[in-house]
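What follows is one structure encoded as structure tokens, with my remarks underneath.
The values are calculated or read from the model by the stated rules, or taken from the named source; none is laboratory data. Please read these numbers as outputs of a predicted model, since none were measured by experiment. Cβ coordinates were reconstructed from backbone atoms using ideal geometry, including for glycine residues, and neighbour counts include every protein chain displayed. All accessible areas refer to the heavy atoms of the entire protein, side chains included, with ligands and DNA or RNA removed. Shrake-Rupley method; radii C 1.70, N 1.55, O 1.52, S 1.80 Å.
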Amino acid sequence: MLVRFWGTRGSLAKPGPDTVRYGGNTSCIEVRSSSGTLVVIDCGTGAHGLGQALMKEPNQPIRGHLLISHTHWDHIQGIPFFAPLLEPGNEWDIYAPLSLSQSIQDTLAGQMQYTYFPVTIESLGAKIKYHDLLEGVFQVGDITVRSRYLNHPALTLGYRLDADGVSIVYSCDHEPYSHPPLTDKIELRNQDRRHANFLRDADLVIHDAQYTAAEYADKTGWGHSTAEYAVDICNAVGVKQLALTHHDPMRDDNAVDQIVDAMRARLNSSRQPLHVFAAAEGETIELESRLDTEATHSATEFSAVTRVTPAISEFSIFLGATDAQTAEVIKGAAAAENVRLTAGTSTKAALQIIETDQPSLVIVDEQSAGVDALEICRRVKASGARETAQAHIVVIADRDHATSVLDEFEPVWIIRPFTQEYARTRIRTWILRTTCRWIRARMPEHEEARLAALNNLGILDTGPEERFDRITRIASEAFDVPIALVSLVDRDRQWFKSCVGLNAKETPRDMAFCAHAILENEALIVPDAFLDPRFADNPLVTGEPRVRFYAGCPLKLPDGNFMGTLCLIDTQPRQLDDRKINLLRDLGNLAEIELSRGLQSKPD
Ligand SMILES: [Zn+2]
Ligand SMILES: [Zn+2]
């Protein structure tokens, strides 16, 4: 494989006499496999020079693949100036992390709106296919690409490329997970250990090294590594060559030299033959092929390439009279989905609006006083306007119904309470008439008794306690997962008595995986939430903390009531074998013992 640096500067282009040797252009790297597959990683201002060079090559039209780590400007600003994208006949695939709010195509189109640039994304001449990525693996010609989330304020992917028997990792715009970051004594924990595994035994790692350890104290949380961290972590996992990159715009060539000298001195004491250097614009590195090994991925790995959901437009919702809180949730959900909403608080107003507005979705509240839900539903179905007659009817109610007078309209029931995210996902589903892959857990039998038992423990909303924290710490370490929780399922929320790796104290019950887990005696294991119709559209899956794997062991009191779970969460798909499930059960038993202490300490 051949690697050529076209842009090595971080944050902002900084051309000038002080940056001649290492370069002033922002991130852009060209990679070629021996059979000629062309991959470009990131498209900062360095892409301009690469584009010019590609256009002069004899091999035209150009077939290429562009991997974007994230859409901060210093990684995409070269796109409008990348000539091979403008030229008809060329063919490009563009890959970037899937964001919750919009597709990569829309994000890139944003920086090419008329206010910023005269050529729109639609008028680029090349044939372009856009791909939104998750963590996982995919194939680009003869190159196997693995994507892995990095630690950065924007959703960012690192890429590992395998071809010709060699491995290259691009890990840019990444901050250590642990603070303070590594010192000489390597002790990798959790997420940092997984990052290390992503880099392990690579022939070349191109790593963020924007700061030095001395500068880092003021830069914590900015999403970048120190040179020391990059060197230590690569050294620990047998990396052969390390290119420090994303050079700070404040750093001139001599300052970069000094960092390289310091890093080589740092390595002198260790016996590993890691070669460290600073990536320099224009520099080419050839990695010798080991053609006996073939780059492929195993069937057990998960694909990183996702489907893209179509956007909603030109739909409208009618909302009948309901209580103020429910109305606010539905209105907020409609606004977030960009769907027009009209509301009528009397039967007369409702009928008038439905006649003129012809909504695609009609939401009524069974409990609403003064408004005749039955009459509204009848008028919708009898409407002369075909669209209105076909409108979906949604009935809000306080509990599941065996039968109702509204059943003849085949309504969808939505049971209070529900979150805005839940309403939002359902609205998208009802209007697009696709399946909603998010199910709220049913209520356990004898729910009131269960809640009374939970309250009786006197544990809700108490502070952290070492007796629980040590269990989640052990779980997180033993299973190598970023998140471990002791979660208690309260009436409308799940509340975390102990949590490793998550900043939230609670989440709404209708999003809670644990609300499902407390319905069964056995542990609930979700190997890949994306493939599970109960969870795929859950906002904890589609957004932060990006749950892909869940394992929850229900925590039972001696009286048989399930209070919550000890659960494990990962951002990538996983499986647990029987031994691991037993281990989870054992740790769960320890948590149960601690929970039960709340009972013993209480006078009868
Ligand atoms: Zn950057
Ligand atoms: Zn960035």
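Observations, loosely collected:
- Scan the stretch 1-40 for residues that are away from ligand 2 (no atom under 16 Å from the Cβ), among the charged types (D, E, K, R) and part of a strand (DSSP E or B) and the total you get is 3.
- Of the listed requirements (1) among the aliphatic types (A, V, I, L, M); (2) open to solvent by 50 Å² or more (accessible area, probe 1.4 Å); (3) not in a helix (DSSP H, G or I), Ala217 misses just one: (3).
- Residues (open to solvent by 10 Å² or more (accessible area, probe 1.4 Å), of a type in the set (S, T, N, Q) and part of a loop (DSSP other than H, G, I, E, B)) located in the stretch 502-547: Asn503, Asn521
- Condition met for Ala343 (under 17 Å from Pro539 (Cα atoms) and either open to solvent by 20 Å² or more (accessible area, probe 1.4 Å) or among the β-branched types (Val, Ile, Thr) (or both)): no
- The set of residues in the stretch 397-451 being of a type in the set (D, E, K, R), closer than 18 Å to Cys514 by Cα and in a loop (DSSP other than H, G, I, E, B) consists of Arg437, Arg440, Arg442, Glu445.
- Restricting the stretch 237-251 to residues that are surrounded by fewer than 19 Cβ atoms within 10 Å (Cβ to Cβ) and either assigned to a helix (DSSP H, G or I) or not aliphatic (A, V, I, L, M) (or both), the residue that is farthest from ligand 1 (Cβ to nearest atom): Gly238
- Some residue of the stretch 187-194 being modelled with pLDDT under 90, in contact with a strand residue (DSSP E or B) (Cβ under 6 Å, 6 or more places away or on another chain) and open to solvent by 20 Å² or more (accessible area, probe 1.4 Å): no
- Applying the set (1) free of Cβ contacts under 8 Å to residues at least 60 places away in the same chain; (2) open to solvent by 30 Å² or more (accessible area, probe 1.4 Å) to Arg21 leaves exactly one unmet item: (1).
- The single condition among (1) within 26 Å of Met55 (Cβ to Cβ); (2) free of Cβ contacts under 8 Å to residues at least 60 places away in the same chain; (3) away from ligand 1 (no atom under 16 Å from the Cβ); (4) over 18 Å from the mean Cα position of the chain (by Cα) that Thr115 does not meet is (1).
- Residue ID - nearest to Val541 (Cα to Cα), chosen from residues in the stretch 484-501 that are assigned to a loop (DSSP other than H, G, I, E, B) and more than 22 Å from the chain's Cα centre (by Cα): Asp492
- Looking across the stretch 41-87, the residues that are within 16 Å of ligand 2 (Cβ to nearest atom) and charged (D, E, K, R) come down to Asp42, Asp74.
- Filter result (open to solvent by 10 Å² or more (accessible area, probe 1.4 Å) and not hydrophobic (A, V, I, L, M, F, W, C)) within the stretch 53-73: Lys56, Glu57, Pro58, Asn59, Gln60, Pro61, Arg63, His65, Thr71, His72
- The lone exception for Lys602 - which of (1) open to solvent by less than 40 Å² (accessible area, probe 1.4 Å); (2) modelled with pLDDT under 95 it fails: (1)
- Residue match in the stretch 47-67 (condition: within 12 Å of ligand 1 (Cβ to nearest atom) and of a type in the set (Val, Ile, Thr)): no
- Summed over the stretch 345-372, the residues that are in contact with a Ser or Thr (Cβ under 6 Å, 6 or more places away or on another chain), among the polar types (S, T, N, Q) and over 15 Å from His392 (Cβ atoms) give a count of 1.
- Pairs linking a residue in the stretch 348-375 that is surrounded by 20 or more Cβ atoms within 10 Å (Cβ to Cβ) and modelled with pLDDT of 85 or more to a residue that is assigned to a helix (DSSP H, G or I) and hydroxyl-bearing (Ser, Thr, Tyr), with Cβ atoms under 8 Å and 6 or more positions apart or on different chains, are Ile354/Thr388; Pro359/Thr388; Asp365/Thr326.
- Scope the stretch 210-229; condition out of contact with any helix residue (DSSP H, G or I) (no Cβ under 6 Å at 6 or more places or on another chain), within 16 Å of ligand 2 (Cβ to nearest atom) and not polar (S, T, N, Q); matching residues: Lys219, Gly221, Trp222, Gly223, His224
- Pair list, Cβ under 9 Å, 6 or more apart: the stretch 64-78 residue farther than 14 Å from Ala154 by Cβ and of a type in the set (A, V, I, L, M), other residue near ligand 1 (Cβ under 10 Å from one of its atoms) and open to solvent by less than 20 Å² (accessible area, probe 1.4 Å): Leu66/Asp42; Leu67/Asp42
- Yes/no for His207 being modelled with pLDDT of 90 or more, within 18 Å of Ser27 (Cβ to Cβ) and assigned to a loop (DSSP other than H, G, I, E, B): no
- Residues that are out of contact with any Leu (no Cβ under 7 Å at 6 or more places or on another chain) and open to solvent by less than 10 Å² (accessible area, probe 1.4 Å) were ranked within the stretch 377-397; the one that is nearest to Thr429 (Cα to Cα) is Ile393.
- Total residues in the stretch 554-572, condition in contact with a Phe, Trp or Tyr (Cβ under 7 Å, 6 or more places away or on another chain) and open to solvent by less than 20 Å² (accessible area, probe 1.4 Å): 6
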